Amino acid sequence: MAALNDLVIDDVTVITMDSERRTMRDAAIAVESGAIVYVGPAAGLTRRLEQMPRLPGRGRIAIPGLVNAHTHAAMVLFRGYADDLMLQEWLTTKIFPIEAELTPDDVYWGTLLACAEMIKSGTTTFADMYFFMDEAARAVEKSGIRASLCVGMGSLAESAGGSSGFDAVLERGSSLCESWNGAAGGRITTMLGPHAPYTCSVPFLSAVGERARGLGVGVHTHISETFREVDEIRSAHGMSPVEYVESSGLFDVPTLAAHCVAVSDDDISILAKHGVRVAHNPGSNMKLASGVAPVEKMLAAGVAVGLGTDGAASNNNLDMVEEMRLAGLLHKVTRLDPTAVPAHACLEMATSGGAACLGLADRIGSIEIGKRADIVLLDFGAPHLSPAGIADLMSHVVYSASGADVSAVVVDGCVLMDDRKLTTLDEREIMAEVECRASRLAEEANGKLRK
Ligand SMILES: [Zn+2]
């Protein structure tokens, strides 16, 4: 009898993103126990595989599940609450006050909404940094999506009062790893999340590195998001943020650094030397007017670059199909060069690049035998994707499609959505709950600000 995570996708066009970047028409993908066991001509399926439950592929394009390499999922609760403000004003007058009102249940429901949104737009894995992450993990477990979770940790506020705060923060981050790393059948992995150079002291970053080594996990942080950050770290410490973090020894453990907007050539050499992975967030960087990360230089230096949405308060959605398009367009206009960051590079960042960012390159990021079956089907029967016959399919996915064209999503061989209907989550219930919670949060934050 076929198990829940056995299936065949037949008669489909596949963009594999394997090492040869093969595209196959009239193909089939077979999945057993959540792993891909066959990708090739539909005629080549064995009789045994042919008898597995079917997900129809006709008229659909299969791509590897998209990897959102940097987000703060539960911030969907603040979508549209604070826009068109300077970064510092945005943070101090809007985001920090409303975040102070968050309860663990709010984070659970916010993360569920984010999971629903991500599944519906083709994301199968995300890297998340936030608070109350046990609740986020419960939401991930329920939704069926894959995620790498960490608690956002800062030391500078706490360390002002002594080292006990510092230790308590590190314990919170570690305890998530101890409870959840490898949970949900391996769908949940964890990292330690030192927030940023301007919120973490060097001794704290060193302690995080040591703890990460002990736990056997990587770290997820923000580095050089803005030029202001570079100026501040330079005037306080005489180093760039990248040099500051390097001086702590943190880069000796696998490190995922979000943004890296304001990095010099020397910084890029340091990132490459230590194998630091970078999450590029074009939508958030544009909206907060942070600047443009030198993605081509980083890729040329051999840095693994993934793509992220950042939180929904600064994007304002979690649609990775849109993010690919933004990445392609941003670098072209910045460089005044239409050949900059072409479609295949955008799709690479959103799939194999993201998998490398999360330390999951051996498990996800491409459709090939042996990988976990994280597969997204886009419906190509729409006017804005026609004609498809003469088009470069990767161009269609990156420049013409949107997340709304995603019609089916498979994670670990389980169908989480088909014909745009979610199988694990009740989106109406989640939206109603989030509506109430967001109103309460805004009322509480605004009430305190008025006092
Ligand atoms: Zn962020």
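The values are calculated or read from the model by the stated rules, or taken from the named source; none is laboratory data. The structure displayed is predicted, hence computed values, not measured ones. Because the Cβ atoms are built from the backbone with ideal geometry, glycine has one as well, and the counts that use them run over all protein chains shown.
Structure above, values below:
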| item | result |
| --- | --- |
| Any hit, the range 40-62, residues being away from the ligand (no atom under 16 Å from the Cβ), over 24 Å from G389 (Cβ atoms), touching a residue at least 60 places away in the same chain (Cβ under 8 Å) and not in a helix (DSSP H, G or I) | no |
| The range 63-87: number of residues that are within 16 Å of the ligand (Cβ to nearest atom) and farther than 26 Å from G306 by Cα | 1 |
| Given (1) buried (at least 24 other Cβ atoms within 10 Å of the Cβ); (2) of a type outside the set (A, V, I, L, M); (3) farther than 30 Å from L49 by Cβ, number of the condition D374 does not satisfy | (3) |
| Among (1) within 16 Å of the ligand (Cβ to nearest atom); (2) within 24 Å of D405 (Cβ to Cβ) - the single one I364 does not satisfy | (1) |
| Some residue of the range 199-220 being within 16 Å of the ligand (Cβ to nearest atom), surrounded by fewer than 21 Cβ atoms within 10 Å (Cβ to Cβ) and over 19 Å from C357 (Cα atoms) | yes |
| Residues being under 18 Å from V305 (Cβ atoms), more than 16 Å from the ligand (Cβ to nearest atom) and in contact with a helix residue (DSSP H, G or I) (Cβ under 7 Å, 6 or more places away or on another chain) - total across the range 221-262 | 2 |
| Residue in the range 93-100 that is within 23 Å of G306 (Cα to Cα), within 16 Å of the ligand (Cβ to nearest atom), touching a residue at least 24 places away in the same chain (Cβ under 8 Å) and of a type in the set (A, V, I, L, M, F, W, C) present | no |
| Residues located in the range 124-141, provided they are more than 16 Å from the ligand (Cβ to nearest atom) and either in contact with a Leu (Cβ under 8 Å, 6 or more places away or on another chain) or small (G, A, S) (or both) | T124, T125, F132, D134, A137, A139, V140 |
| Residue list for the range 305-323, filter: in a loop (DSSP other than H, G, I, E, B) and surrounded by fewer than 24 Cβ atoms within 10 Å (Cβ to Cβ) | N316, N317 |
| Meets criteria (at pLDDT 95 or above, surrounded by fewer than 17 Cβ atoms within 10 Å (Cβ to Cβ), assigned by TED's automatic domain parsing to the domain that holds L192 and not hydrophobic (A, V, I, L, M, F, W, C)) for G238 | yes |
| Cβ pairs under 9 Å, 6+ apart, first in the range 365-379 and under 11 Å from T16 (Cα atoms), second part of a loop (DSSP other than H, G, I, E, B) and among the hydroxyl-bearing types (S, T, Y) | S366/T16; S366/S19; I367/T16; E368/T16; E368/S19 |
| Condition check for L176: over 30 Å from G34 (Cα atoms) and surrounded by 19 or more Cβ atoms within 10 Å (Cβ to Cβ) | no |
| Selection status of M349, in the same structural domain as A82 (by TED's automatic domain parsing) and buried (at least 24 other Cβ atoms within 10 Å of the Cβ) | yes |
| Single residue of E101, E89, E117 found to be at pLDDT 95 or above and part of a helix (DSSP H, G or I) | E117 |
| Residue match in the range 281-290 (condition: within 16 Å of the ligand (Cβ to nearest atom), in contact with a Gly (Cβ under 8 Å, 6 or more places away or on another chain) and either basic (K, R) or at positive phi (or both)) | no |
